[in-house]
1. Would any residue of region A:231-253 have its amide N under 18 Å from a label point 7 Å out along Cα→Cβ of A:ASN177? List them or say none.
2. What does the charge count around B:ASP71 come to, taking other residues whose C-beta lies under 13 Å from its C-beta (Lys +1, Arg +1, Asp -1, Glu -1)?
3. GNM, chain A, Cα, under 10 Å: largest mean-square fluctuation among A:THR268, A:THR212, A:THR406?
4. Once both labels are modelled 7 Å past Cα along the beta-carbon direction, what's the A:GLU247-B:ASN365 spacing in nm?
5. Picking from B:GLY103, B:GLY18, B:GLY205, which is most flexible by a Gaussian network model of chain B using Cα springs under 10 Å?
6. At 0.36 nm per residue, and after removing the present C-alpha to C-alpha distance, how many nm does the segment from B:ASP52 to B:GLN279 gain when stretched out fully?
7. Which residue, chosen from B:TYR210, B:ALA125, B:ALA184, occupies the Cα position most advanced towards the positive end of the dipole of region B:103-216, where the dipole is computed from +1 (Lys, Arg) and -1 (Asp, Glu) charges on Cβ about the Cα centre?
8. If you fit an axis through the alpha-carbon atoms of helix A:182-191 and take the longest principal axis of the Cα set of chain A, what angle between them do you get, 0 to 90°, nearest 10?
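Bear in mind that the values in this text are calculations on the coordinates, not laboratory data. Since we're looking at a predicted model, the values are computed, not measured. So basically every Cβ, Gly included, is an ideal-geometry build from the backbone, and we count neighbours across all protein chains shown.
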There are 2 protein chains.
Amino acid sequence: MNKEIKTNEIQIGLLGCGVIGTQVATELLNGNLDCKLAGKNRIKLKKILVNDLSKSRDNSIPESLFTNSPDEILLDPDIDIIIEVMGGEKPAYDYVIKAIQNGKHLVTANKELIAKHGPQIFGLAHEKKVQIKLDATVGGGIPIINTIMDSLKANQITEVVGILNGTTNYILSEMKNSKKTLEAALKEAQDKGYAESDPTNDLEGIDAKYKTSILASLAFHQYIAPDQVPSHGIKSISPADFHFAEELGFSIKLLGLAKQFEDGHISTSVYPSLVAADQPLARIDGVLNAVEVRGDLIRELMLVGPGAGPKPTSSAILGDLLSLIKNISSDFPLPYKVLPANARSKAEESSSDEKYRFYTRLRVNDKVGVIRDLGIILAKHQISLESISQKAHTPDSSWEKGGEATLIFLTHSIGEDKLKIALDEIKQLDPVNEICCILRVFE
Amino acid sequence: MNKEIKTNEIQIGLLGCGVIGTQVATELLNGNLDCKLAGKNRIKLKKILVNDLSKSRDNSIPESLFTNSPDEILLDPDIDIIIEVMGGEKPAYDYVIKAIQNGKHLVTANKELIAKHGPQIFGLAHEKKVQIKLDATVGGGIPIINTIMDSLKANQITEVVGILNGTTNYILSEMKNSKKTLEAALKEAQDKGYAESDPTNDLEGIDAKYKTSILASLAFHQYIAPDQVPSHGIKSISPADFHFAEELGFSIKLLGLAKQFEDGHISTSVYPSLVAADQPLARIDGVLNAVEVRGDLIRELMLVGPGAGPKPTSSAILGDLLSLIKNISSDFPLPYKVLPANARSKAEESSSDEKYRFYTRLRVNDKVGVIRDLGIILAKHQISLESISQKAHTPDSSWEKGGEATLIFLTHSIGEDKLKIALDEIKQLDPVNEICCILRVFE
C-alpha cells in the first residue's frame, strides 16, 4: 500500500510563484477544484515557496501563505503533495528529492528537471511509493504526456513528432506570413510576452531538446538524456529560406522528433524542418504546439493546443493534481528503464538507415562555374539532387547582396554524415562564401 | 475500499467477438500487455461470449475460450473485468448490469449503451465500487473521453464540437474532393468496409447523436439523453451544396456540438454544417474523426485521429484496461448528475440566444419574381441575407433539371425557429418546388 492521506483534507505545498505559480495558487484558493473531487476530499494550499518575501504580489493570495524557507514545505508532515513550478535545474532538483524522501507526491511543470534527472526522481518515487505527474512539462495544456503514458499505453509507439516550442513557432509563422526577419519577429514575440528577454533556450532548440528527451523516454520506455538528442535551433533561418521553401511547396517548422526503428534503434533530434504544405503540422501557426504520435494500434493521433501560458499550463498541472488525488493509493510503476552508460552510447549512434532529404542554402559569388563545381563534389559523394536553384540579386529581395547570389539545393534522401562531408568540401570552393542554412525534410 | 483483485492474475471476460472483439482477444492473448503492467499483474483472457459457437473464427483464438452462455462470464467469481464490445442496447444492457452487480469492473466500447443507460450503469458501478472505462465509445482511438474526464478536469468546459462519425465524413469528403454523388460515395464506403450494409445510423446522424450525448454529459457533468440531442443527417446534401459551399468559402461537415452558455443553459445538436475553409475542422477528411474542446484554462484543444476500425478502437479499449488495472483500488466518482425528468425538459428548450447563420437550398421554377417573393417573406420575418444566388440549368451541372433553377441563400445570424417559420411560408410559394437542404454555419 502506498502512503495514504491522513485526513480528507489534501494539503498542497507550492514551489514557485511566477506567472504559472500565481495562476495555480489562484485556482487552488478559489475552491472550484473541491467540487471536482466528488465531495470526498478538500484541497488546501498550505504554503508557497518564494525567493523574495518582500516582492509585491497578487493580492488574492494571502500573505501568510508565503515562505522563503524550503523546509517549511519539504519537511512539513501535513503536506501531501508538492506542486513544483519554479523551473530550472537547481535548486528544484534538491527540493524535489527532499520532498519525495519525505513521502510527498509530486506534480511538476519542470521540463529541464525531468529531462535531466527523470531516472533519479522516478526511481526514488517508486521506492518511496509516491507518484509523479508531469503532464505540464511538455506541450503546455496539451495532455500529450498523459496520452502517451495512459491512453496509448497498449500501443507499441514508433514515432512522436511535434512543434514543441511556441516561441520559435510564433517567430517562424511571422517570418512566413508577414515576411518579417527573424530579429523583427523575435522582438515582436518579446513585446507580446511570448519570448523571454534572453531567448537562447528557445532559439537554439534547448527547450525543444528537453521536451523531445522526455517524450522519447516515455514513448520508448528507455531513458534518453537531453544530451543524447542532437539539436539545432532556428537562428540560421532567413526570409530567403521561406521564399525558397514556399517555391518548393513547404513550410518551415522546428520539429522535435523521436523515432524507433524496427531493430529497436531509437533516433531523436530537434531540427528546423521543411514540412510539406499539405501536412497538418505545416498549418500549425503562432504559439500553438502540436504533437503527432504513431503507434501500432492507433496508427496516428494528433493533438493541437496552446503550448505555454499560465492558464493552459495550469490546466495540465491541476488536471494532474486531481488525477493524482483520485488515484492516490495506486502504484507508481517506473515509466522507463535506464541503460548503463556504455549501452546508452549505442543509442546515440545514428543508424545508417536514417536518410532524409536535405535543403541547403549557400551564399556564392555570382560567377560562371559554381554549379558545375558543386555538382562535381556532390556527384563524387553520390548525392543526387531533387532540385537546385540560383537567384541573382534582384531589387525586391533584400536578402541578397550585390555581386552575390543565393544558391539552394534539395537532395534526394541521404544520410546526414554524407552531406556534411560533401559540404565541408563545398565550403572550400573559391566562389562559395558561406553555407548559411541546412534544413531537413520531414516526410 | 473497492473490490480488490484476489491474485495478481487479472481475469478478463470478453462480451462479443466481431472485428473489434477479435482484435482485442488477439492482443490479450499475445502477451504484449503483461510487460506494460510492470511485472506486478498478469492478464488472462478467460472466456469470450459469442452468439454462435459454430461460426468459423480467427484460428489464433483457442476454441475453448468461446461460450454462448452469458452466465459463464457474468457469474464467474474469478473474472475481474468485463470488456464489452458486442454493441447495441440489448442484451448488452442486461449483461453489463448483471456483471456490475457481481462486482466486475467494465471496459466498454458501446456508445448506444452508455448514451441511453449511462445513469443506471454509472450509478450501480458507484454503489458496487467498481469502475467503468468508456474511452472507446467516442472517437475510436482518440482519447477524447479520458481527456475530458481526467486531463481537462480542472477546466470549466464551455464547448465540445467534433466530426464524430467517420462514415459520413468519408462520404462528405468524397463528394467534395471527387465530386461524387452521395449514393456513389456511400457505395464506395460500403465497398471499403467503412459503412455498414444498413447505413441508417450513420447517415441519419444517430451514431453522432449517441456520441454527442456522451460528450455533453461528461463535459458539463449533467446527463443529456440522446433524445435530447436534436439531430440531422446528411441525406439531403447533394453535389450542388458542395458547389455553393465552395463558392462561399466553406466545407460541409457533420458536426456534433455541445455548448454551455454562461447562464448554465446547455445546447446540443448534430447538424450538417458549413465550416469556413480555413478552420482546422474543415480540413479533416476521410474516415478521420476530430474533436475540439474549449475550456476556461485550456482555451482550445484539438484531437485528431482514426475514429473507427478494430486497431484504433482496441487502442482505446486496452489503454482503458491497463489504466483500470493500474488504478483498480481507486474510487469511481459519478461522472455527472442526473436531473429529474421535469428539470431535464428545461435543458431541451433552445435558448433564444442561440443564433446561427443558415444556408438553404431550394428547387424553384425558373420564373421572374421568385427572389422578390422570397425576399418579401424573409423581410417580414426580419431575416436578413448575407448572400443569395440562383443558377439556371447549365449543361455541366447535372444536379439541375430543365426548366428549374437552384436557389441558395445564406442568412445572417438568426434563431432556427424563425427560419423554420419563414421556410414554411416560402414552401407555399407557387414557383418553389422543394426546400432541399438546410445547413448551419459553424462559427
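1. Output list for this probe position: A:239, A:242-243, A:246, A:250-253.
2. 0
3. Maximum fluctuation in the GNM of chain A, among the listed residues, is at A:THR406.
4. So the label points at A:GLU247 and B:ASN365 sit 6.1 nm apart.
5. B:GLY18
6. 77.0 nm
7. Looking along the dipole axis, the top candidate is B:ALA125.
8. Taking Cα atoms only, the helix is inclined about 20 degrees.
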